[in-house]
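S.K.: Quick one: the structure is below, questions incoming.
Values quoted throughout were computed directly from the atomic coordinates according to the rules given, and no laboratory measurement underlies them. This one's a predicted model, so the numbers in the text were calculated from it and none came from an experiment. Cβ: placed from backbone, ideal geometry, glycine included. Neighbour counts: every protein chain shown.
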Amino acid sequence: MKPGWRKPNGLSISRPFRLPALSLGTATFGGKGAFFAAWGDTQAEQATRLVEMCLDFGLNMFDSADIYSAGLAEEILGAAIKGKTSGERYRAVKPWC
């Protein structure tokens, strides 16, 4: 996904890199708990298909957080991208402190 890539600003990094302009959010993956179930309930099979479609079309950045469905969203995302080795993958995370 070359068009629209952005260089991250203000980051201390050891080698230059650029981030994609688009990402797939995973907050609906798992649908565990009342809050996240109200957003959506994308189960593992559906989530895997969404991730595969993204990768097929060149979208390779995924937005996740350990609070999404009590960590279930990250487990589903990890299983969905496991073994898919063509190209780079990016994951934006927001650890819950």
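S.K.: Applying the Karplus parametrisation 6.51 cos²θ - 1.76 cosθ + 1.60 with θ = phi - 60° to the phi angles of the stretch 47-53, what ³J(HN,Hα) value in whole Hz is obtained for each residue in order, glycine and proline being reported as x?
M.R.: 5, 4, 5, 4, 5, 4, 4
S.K.: Still on this structure, I have one more. Within a 10 angstrom radius of the beta carbon, how do ASP41, ASP56 rank from fewest other beta carbons to most? Show your work: numbers first, answer last.
M.R.: Details: ASP41 14, ASP56 8.
The fewest-first ordering by Cβ neighbours comes to ASP56, ASP41.
S.K.: Applying 1/(1 + (r/R0)^6) with R0 = 30 Å to the Cβ-Cβ distance of ALA79 and ARG18, what FRET efficiency is obtained, to the nearest 0.05?
M.R.: Working: r = 27 Å, r/R0 = 0.91.
Given R0 = 30 Å and the Cβ-Cβ separation, E is 0.65.
S.K.: Additional query: So for the stretch 24-85, averaging the separation of alpha carbon pairs under 8 Å that are six or more residues apart and normalising by length, what relative contact order in percent results? The partial results should precede the final answer.
M.R.: Numbers: 93 pairs, mean separation 26.6, N = 62.
Relative contact order comes out at 43 percent.
S.K.: Next question. Quick check on the stretch 24-85: take the gyration tensor over C-alpha atoms, sort the square-rooted eigenvalues as a ≥ b ≥ c, and tell me if it's rounded (a/c under 1.5), prolate or oblate.
M.R.: Numbers: a/c = 2.05, a/b = 1.87, b/c = 1.10.
Judged from the Cα gyration tensor, the stretch 24-85 comes out prolate (a/c at least 1.5, a/b above b/c).
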